[in-house]
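These notes are about the structure you will find just below.
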Amino acid sequence: MSKAGEKGYGRRVSGEPWELLKPFSPEGADTLAASLPLIHDFAITTSALNASRSDLILDLGAGTCWNAEWMQRLNLRPVSVDISFDMLRMGRDRLLSSGAARAVAGDLEQLPFRTASFDKAVCLNALHHVPRMDAALKEVSRVLRPTGIAVFSEPGKGHSHEPPSKAAVRDFDVLEQDVLIPDFMESCHAAGFAEVRIKPLSYMISALDLTLDQWRAWQALTRRRRPRRALEKISRGVLEFFGLRKKDLLFEEALTVNIVRMLRTAIEEHPVLIAYKERAMLESPRFSAEIALIGMPRIAGSRIAFDVRVRNTGNQVWHSTEGSPNYVRVGVQLLDRDGKLTDRDFHREALSGGVAPGDSCIVQVDCRKPDAAGRYGFKIDMVREGVAWLEESGSGTAIQMFD
């Protein structure tokens, strides 16, 4: 097995419709068993990236670039890298159909990019083909910026012994190996990542994650056998007998152990892991504001002016330059006489500069009067342009009615 096998893989399968259409089915073919896990992995890993439109995302081991194509359709900026030039050539048309064809042939053990070039990285089922995964992880860490995040979805324990893996080794001379969770997490730390988390319920509850120590505790729980577990149950039963326990813990324990064992198998067979360059990046981004009108509105002809004090109560910096990450402006929404929304995009006002979490600024709003006469109102909210109004995540607003 050698890298030559990986480089030549694209040439050998270039005529296969599956590689051109992946993850969708070629005409007359039934690929559901292979397609649906790929589609699901895309949703999980892209969600975990928490990427913005300004982020430059490295798609590792991109193959025919289907993952990058889908990201482009979501207005993200991926750059595909793969050791096989032929695979990238097959993916070129896919990329052009959804945007730019940013693709580079390169070895994951020696990435052809400058240090700190990318904001995020994602790897779907590719790292297990790399002979020196430790070296590849060091390269991924190197090309990520200090606030970078890398998401990996890989086949895990037992993969190399599966019949399709054995056939791939025999027919294409490619490397198939298992990605074992403790070893992988330790390698990420050694590569320069400050924190690594496994998503044990990534397919159900994406917010839950585990450190390496927590994963080991999970494994230890599934290894407990009789009689030790039985003795622990008996001790709790004695407490319950004397009324020291209000609930029956025996059934709950048995159910818990069975669930944990089933989940452990699923997690080990296909782990999803997130590596963070900074521990601060573990905190989920939160956008919220406090908004207050200052003084009385000033009406002059067809214009209305008023001052607004806004305070950043989230944990992300608001940027004031269009095209920058977290581009935030003051938004004015038009209300009718009853306070019902009639125009959500009535007016925008730019911030004079960036606003850090906890800081405040005063914005002078100058907008036109509504065309129709009569009572109306303005609702003032902050808008993360191209993403969402902050009110949608529970942020405060201010309302001013006019007669």
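One residue stands out among those in the range 240-293 that are among the basic types (Lys, Arg) and modelled with pLDDT of 55 or more: the one that is farthest from Gly156 (Cα to Cα), which is Arg286.
Looking at Pro23, Pro37 in this structure, which one is in contact with a Phe, Trp or Tyr (Cβ under 7 Å, 6 or more places away or on another chain) and within 25 Å of Phe172 (Cα to Cα)? Steps first, please.
On the way: Pro37 fails: in contact with a Phe, Trp or Tyr (Cβ under 7 Å, 6 or more places away or on another chain).
None of the other options fit; the residue is Pro23.
From Gly91, Gly63, which residue is modelled with pLDDT under 95 and in contact with a Phe, Trp or Tyr (Cβ under 8 Å, 6 or more places away or on another chain)? Let's see the steps before the verdict.
On the way: Gly63 fails: in contact with a Phe, Trp or Tyr (Cβ under 8 Å, 6 or more places away or on another chain).
Answer to the check: Gly91.
Residues in the range 319-333 that are modelled with pLDDT under 95 and in contact with a strand residue (DSSP E or B) (Cβ under 8 Å, 6 or more places away or on another chain): His319, Ser320, Thr321, Pro325, Asn326, Tyr327. Comparison of Ala121, Ala135, Ala116 shows that the only residue that is modelled with pLDDT of 95 or more, touching a strand residue (DSSP E or B) at 6+ places or on another chain (Cβ under 9 Å) and at positive phi is Ala116.
For the range 274-357, which strands (runs of 3 or more DSSP E) that fit wholly inside it have 2 or more residues that are within 16 Å of Gly386 (Cα to Cα) and either more than 29 Å from the chain's Cα centre (by Cα) or of a type in the set (D, E, K, R) (or both)? Let's see the steps before the verdict.
Working: elements: 289-300, 303-312, 328-335, 341-350.
The strands (runs of 3 or more DSSP E) meeting that bar are 328-335, 341-350.
Just one of (1) crowded, with 16+ Cβ neighbours inside 10 Å; (2) within 19 Å of Pro17 (Cβ to Cβ); (3) of a type outside the set (A, V, I, L, M, F, W, C) fails for Ser97. It is (1).
With respect to Leu180, is the statement that it is touching a residue at least 24 places away in the same chain (Cβ under 8 Å) and touching a strand residue (DSSP E or B) at 6+ places or on another chain (Cβ under 9 Å) true? Steps first, answer last, please.
Values: touching a residue at least 24 places away in the same chain (Cβ under 8 Å): yes; touching a strand residue (DSSP E or B) at 6+ places or on another chain (Cβ under 9 Å): no.
For Leu180, the condition - touching a residue at least 24 places away in the same chain (Cβ under 8 Å) and touching a strand residue (DSSP E or B) at 6+ places or on another chain (Cβ under 9 Å) - is not met.
A count restricted to the range 173-218 and to residues that are over 20 Å from the mean Cα position of the chain (by Cα), modelled with pLDDT under 90 and surrounded by fewer than 15 Cβ atoms within 10 Å (Cβ to Cβ) stands at 4.
Ile83 fulfils the conditions (1) closer than 26 Å to Arg11 by Cα; (2) among the aliphatic types (A, V, I, L, M); (3) surrounded by fewer than 18 Cβ atoms within 10 Å (Cβ to Cβ) except for a single criterion, (3).
Counting only residues that are in a helix (DSSP H, G or I) and without any contact (Cβ under 8 Å) to a residue 60 or more places away in the chain, which one in the range 145-164 is surrounded by the fewest Cβ atoms within 10 Å (Cβ to Cβ)? So, considering only residues that are in a helix (DSSP H, G or I) and without any contact (Cβ under 8 Å) to a residue 60 or more places away in the chain, the one surrounded by the fewest Cβ atoms within 10 Å (Cβ to Cβ) is Pro163. Remark: pairs (first residue in the range 264-285, among the small types (Gly, Ala, Ser); second residue in a strand (DSSP E or B) and at pLDDT 75 or above; Cβ separation under 6 Å; 6+ apart in sequence or on different chains) = Ala275/Ala150; Ala275/Val196.
Would you confirm whether or not the range 173-188 contains a residue that is among the hydroxyl-bearing types (Ser, Thr, Tyr), in the same structural domain as Leu38 (by TED's automatic domain parsing) and under 24 Å from Ala280 (Cβ atoms)? Yes: one or more hits.
Quick one: which of Ser360, Ser302 is of a type in the set (Gly, Ala, Ser), exposed (fewer than 13 other Cβ atoms within 10 Å of the Cβ) and more than 30 Å from Ala48 (Cβ to Cβ)? Before you say what the answer is, go through the steps one by one.
Details: Ser360 fails: exposed (fewer than 13 other Cβ atoms within 10 Å of the Cβ).
Going through Ser360, Ser302 in turn, the sole match is Ser302.
The values are calculated or read from the model by the stated rules, or taken from the named source; none is laboratory data. Being a predicted model, the structure only gives us computed values, none of them experimental. A quick note on method: Cβ atoms are made from the backbone with ideal geometry, for glycine too, and the neighbour counts reach across all protein chains shown.
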